[in-house]
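Working notes, beginning with the structure itself.
The values are calculated or read from the model by the stated rules, or taken from the named source; none is laboratory data. Quick caveat: nothing in here was measured; it's all calculated off a predicted structure. Ideal geometry is used to build each Cβ from the backbone, glycine not excepted, and the neighbour counts take in all protein chains shown. All accessible areas refer to the heavy atoms of the entire protein, side chains included, with ligands and DNA or RNA removed. Shrake-Rupley method; radii C 1.70, N 1.55, O 1.52, S 1.80 Å.
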Amino acid sequence: MTKIKKKSKLAGALKDNKSTGNNQPDFLSRNDALKSITFFRKEGRYEDAAKVCGRMLQQNQNDTEFLFLLGSFMSELEDYVRGSALLTKAIELKPDFPEAYLNLGNIYDKCKKYKEACQAFKKAIDSRPDYLLGWYNMACILKKIQNTAASIKAFQKALSLDPNHTKSLSELPSLLFAHGRSQEAWEVLDKLYTLTGDPAAAISRDSIMPVVVQSWEEIYKIRQSFSDAMDKYASSNFKVEEPQRDINRASFRLAYHALNNKEIMRKQAAMYSNVSPHLLYTAPHCSDLTYYPKKDGKIRIGFISKFFYVHSVSRCYNRMIEHLANTANFEVYLISTDLIGYADEEVHSVASCVKTEIKVPNKIKVAQQMVSDLKLDILLYTEIGMDQLSYCLAYARLAPIQGVLPGHPDTTGINNIDYFISCTLAEIENAQNNYTEELLLFSDIPQYLERPKRVTDLKSKEELKIPTDKNIYSCPMKMQKLHPDFDIIFEKILEKDKDGVILLFNDQGDLPNQLVTRLKKIIKPEYMERIVFVPWASSKTFPHYLVHSDVILDPFHFGGGTTCYMIFSEGVPMVTWPGEFLSGRCAISCYKRMDIMELVAKDWDDYVDIAVKVGTDKKYRDNLQSKILEKCDVLYGNEKAINELSEKLFELSKKKGIL
């Protein structure tokens with residue numbers, strides 16, 4: 001349970017609950033009490049409202065209305081233990097009490113007890129099936145725990161009760177979008193804009209793009225529409241106070257189009273700068289000429305991320321951050337836009353050795369000020385593009401030196417991000433043309449990953465519902481990574497290997513159907529029968545699918561990231577054809593590091609030839625597996641990357657005059 005405010009804050013609020021000197025409570029009429037409570041609640045004076053409730057409960061300790069009100073005010077005052085106890089008592093006395101179930105669910109939500117919150121909201125709905133707030137809160141908690149299909153249904157139920165419920169209209173589009181229902185998302189946002197005139201709804205509506213694209217023609221159409229919308233709003237009078245909260249930014253999908261995003265991301269940045277000019281905040285110490293050079297020689301560096309919990313992004317950088325925190329010349333600060341996952345061993349280890357860790361709220365000006373108050377010399381984002389709050393914070397100048405690690409392998413277009421950190425193993429020769437930031441190239445891959453434990457107690461193919469008598473060509477990626485260019489690879493492999501099966505992993509909502517629709521335009525029906533979809537696997541089960549694969553297909557133009565490291569840890573051969581952009585070059589950087597180039601294709605035809613040779617020639621495949629297992633240790637525990645990061649940061653600090 002989350003921390004609870006100390007009782008001292010509430011002592012004054014509840015002292016009037018006690019009886020007077022003659023053991024009789026002061027009498028207060030019900031009407032006067034409710035009038036006072038209404039006034040105090042409107043003024044935000046929850047302690048005073050709690051006092052009134054306490055006096056009324058002295059007159060009747062089983063008064064369910066005042067038990068409910070006092071429990072609700074305890075929640076506002078962050079005394080969740082007392083609040084839940086009061087609401088539970090009210091429910092015991094009055095089982096058919098949807099409002100009490102609702103507020104009890106809200107307390108569980110605040111305490112991160114999501115299972116209990118769902119149960120409470122369900123009871124609220126069961127006791128009143130047409131309870132709008134019950135359905136809305138249920139939808140929000142389901143969204144939070146990523147049960148997106150159920151969340152969509154709950155929001156739709158809320159809207160069936162009130163078609164103009166703006167909160168549901170605001171929350172629903174991102175879910176529909178993630179499920180591949182882009183047209184429905186557009187319609188909801190259009191309705192929201194019609195109802196409210198909210199500029200954020202219009203911008204979100206005109207920024208929507210599908211997750212699974214059907215063709216190059218559609219890609220060009222999407223990008224032109226997006227570009228036109230950015231130009232339109234960059235010169236508009238629209239203003240959005242909380243863009244990180246209110247704008248559904250879909251530009252993350254641009255990275256999957258296999259085109260240079262430098263100019264289109266600049267257009268998006270110009271739009272945000274216009275509609276939310278307060279994003280361009282500058283921390284006072286960044287413009288104070290007397291603050292530098294520093295005399296103590298210590299570099300104050302902050303790392304900002306949403307993903308300081310069990311996530312692929314944090315896995316890449318946790319140990320690098322921890323190393324800097326244990327270096328005498330650095331003071332390290334963790335800045336999280338979400339809850340820090342202390343239960344994770346790696347994250348806990350990092351958090352325990354940094355100077356300070358803070359969680360910034362989803363209020364842009366408050367978040368800017370909190371980071372500004374740290375007076376950082378360097379601010380590094382673990383990624384920019386995957387989280388809307390960190391994306392919006394990146395517009396501000398919060399440290400003299402600001403950069404981004406390649407947690408999301410695409411340029412930002414944001415003027416105040418000075419450096420994009422990458423490496424020579426992954427980038428093409430003229431890669432600077434792909435970035436608005438100055439490209440800061442390491443000689444080695446700029447991440448540190450522990451080697452995953454190899455699979456034990458291997459599940460059978462039957463258990464995993466994999467064909468037992470076929471050559472398995474797995475493409476264990478999200479469907480957003482499967483570019484239309486890649487479809488022909490499936491066709492050619494299945495044509496050349498009559499015993500081959502393509503293994504794909506199911507995704508959310510309508511996305512598999514949209515992918516199948518696209519594949520059927522190219523792939524013959526008899527080949528489509530050998531494309532098998534399996535459920536998206538948990539982190540524990542996923543490696544079992546890898547081990548049972550004869551060959552892994554790395555999709556171009558956006559290939560595997562940390563998945564590559566899981567694949568190589570098991571020694572499974574993965575075919576790759578590196579493209580122009582970083583998003584499609586993780587595998588080749590790993591192969592260069594291992595000095596294994598047999599699986600790197602020169603073109604599409606070569607890709608198919610390599611894949612089929614590995615898939616059909618067991619001796620060749622076994623030799624490759626042995627070679628990968630022998631050499632893959634160089635990918636893990638990368639001390640060189642840690643040292644390079646430290647050296648680069650010192651160089652930049654001296655160059656900038658910080659030291």
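Structure notes:
- Relative to the Cα centre, the charge distribution of the stretch 375-452, modelled as +1 at Lys and Arg Cβ and -1 at Asp and Glu Cβ, gives a dipole magnitude of about 240 debye.
- Using alpha-carbon coordinates, inclination of helix 312-325 to the longest axis of the chain, degrees: 80
- Compared with the rule-of-thumb size 2.2 N^0.38 Å for a compact globular protein, the stretch 488-574 has a Cα radius of gyration ratio of 1.12.
- Sites Thr282 and Lys110 - FRET efficiency at Förster radius 25 Å, r taken between beta-carbons, to 0.05: 0.15
- Along the stretch 250-255 the Karplus relation, 6.51 cos²θ - 1.76 cosθ + 1.60 evaluated at θ = phi - 60°, assigns HN-Hα couplings of 9, 5, 3, 6, 4, 5 Hz to successive residues, with x for each Gly and Pro.
- Along principal axes, Cα extents of the stretch 151-199, largest first, whole Å: 26, 23, 12
- Convex hull volume of the Cα atoms of the stretch 69-199, normalised per residue: 108 Å³.
- Of Lys461/Lys618; Lys221/Lys262; Lys453/Lys618; Lys122/Lys478, pairs whose Cα-Cα distance is over 22 Å: Lys453/Lys618; Lys122/Lys478
- With 5 Å bins from 0: P(r) over the stretch 584-654, alpha-carbon pairs, percent: 3, 13, 17, 19, 16, 10, 7, 6, 5, 2, 1, 0
- Angle between the chain longest axis and helix 604-616 axis [Cα atoms, degrees, rounded to 10]: 90
- For the stretch 35-49, backbone phi angles converted through the Karplus equation (6.51, -1.76, 1.60; θ = phi - 60°) give residue-by-residue couplings of 5, 4, 4, 4, 5, 5, 5, 4, 7, x, 9, 6, 5, 5, 4 Hz, Gly and Pro being listed as x.
- Protein heavy-atom surface of the stretch 526-644, 1.4 angstrom probe: 50% of the accessible area is carbon and sulfur, with nucleic acids and ligands not counted.
- On Cα atoms only, tilt of 511-520 relative to the major axis of the chain in degrees: 30
- Solvent-accessible surface ranking, highest first, for Asp130, Asp109 at 1.4 angstrom: Asp130, Asp109
- Added length on full extension, which subtracts the Cα-Cα distance from 0.36 nm per residue, Leu458 to Thr541: 29.0 nm
- With all protein chains in place and ligands, DNA and RNA left out, the 1.4 Å accessible area ranks Asp617, Asp344 as Asp617, Asp344, largest first.
- The charge dipole of the chain, taken about the Cα centre with unit charges on the Cβ atoms of Lys, Arg (+1) and Asp, Glu (-1), comes to about 1740 debye, rounded to the nearest 20.
- In sequence order, calculated HN-Hα J values of the stretch 225-242 (Karplus, 6.51, -1.76, 1.60; Hz; x Gly/Pro): 5, 5, 4, 4, 5, 5, 4, 4, 7, 5, 10, 8, 9, 5, 9, 10, 6, 10
- Charged-residue dipole, Cβ positions (Lys, Arg, Asp, Glu), the stretch 516-605 about Cα centre, Debye nearest 20: 320
- Positive-end ranking of Tyr607, Ser646, Ser538 along the dipole of the stretch 515-651, with charges on Cβ about the Cα centre, is headed by Ser538.
- Using all pairs of distinct alpha-carbon atoms, the Kirkwood hydrodynamic radius of the stretch 321-411 works out to 13.8 angstrom.
- Summed over the residues of the chain and divided among them, the accessible surface reaches 43 Å² per residue at a probe radius of 1.4 Å.
- Between the residues His348, Gln432, Leu324, the greatest Cα displacement towards the positive end of the dipole of the chain, with unit charges on the Cβ of Lys, Arg, Asp and Glu, is found for His348.
- All Cα-Cα separations within the stretch 517-659 were binned at 5 Å from zero, giving a P(r) of 2, 8, 14, 18, 18, 15, 9, 6, 4, 3, 2, 1, 0, 0, each value a whole percent of the pairs.
- Solvent-accessible area of the stretch 326-460 (1.4 angstrom probe, protein heavy atoms only): carbon and sulfur portion equals 47 percent.
- Cα-only radius of gyration and Dmax that characterise the stretch 291-351, units Å: 12.7, 39
- Secondary-structure-derived ellipticity at 222 nm for the chain, considering helices only, amounts to -14500 deg cm²/dmol, per-run term -39500 (n - 2.57) for DSSP H runs with n ≥ 4.
- Arg315 sits with roughly 70 Å² accessible to a 1.4 Å probe, with DNA, RNA and ligands left out of the calculation.
- Pairwise Cα inverse-distance average, inverted: Kirkwood Rh of the stretch 209-309 (Å): 16.8
- Pairwise Cα inverse-distance average, inverted: Kirkwood Rh of the chain (Å): 27.7
- By a 1.4 Å probe calculation restricted to protein chains, Ser460 has an accessible surface near 40 Å², given to the nearest 10.
- Mean projection of the Cα convex hull over all viewing directions, computed for the stretch 228-368: 11.1 nm².
- The residue list Gly83, Leu449, Leu34 was ranked by how far each Cα lies along the charge dipole of the chain toward its positive end, using unit charges on Cβ atoms, and Leu34 comes out on top.
- Anisotropy class of the stretch 171-239 from Cα gyration tensor, a/c 1.5 cut: oblate
- Sequence-separation-based contact order of the chain, relative, with Cα cut under 8 Å and 6+ spacing, percent: 9
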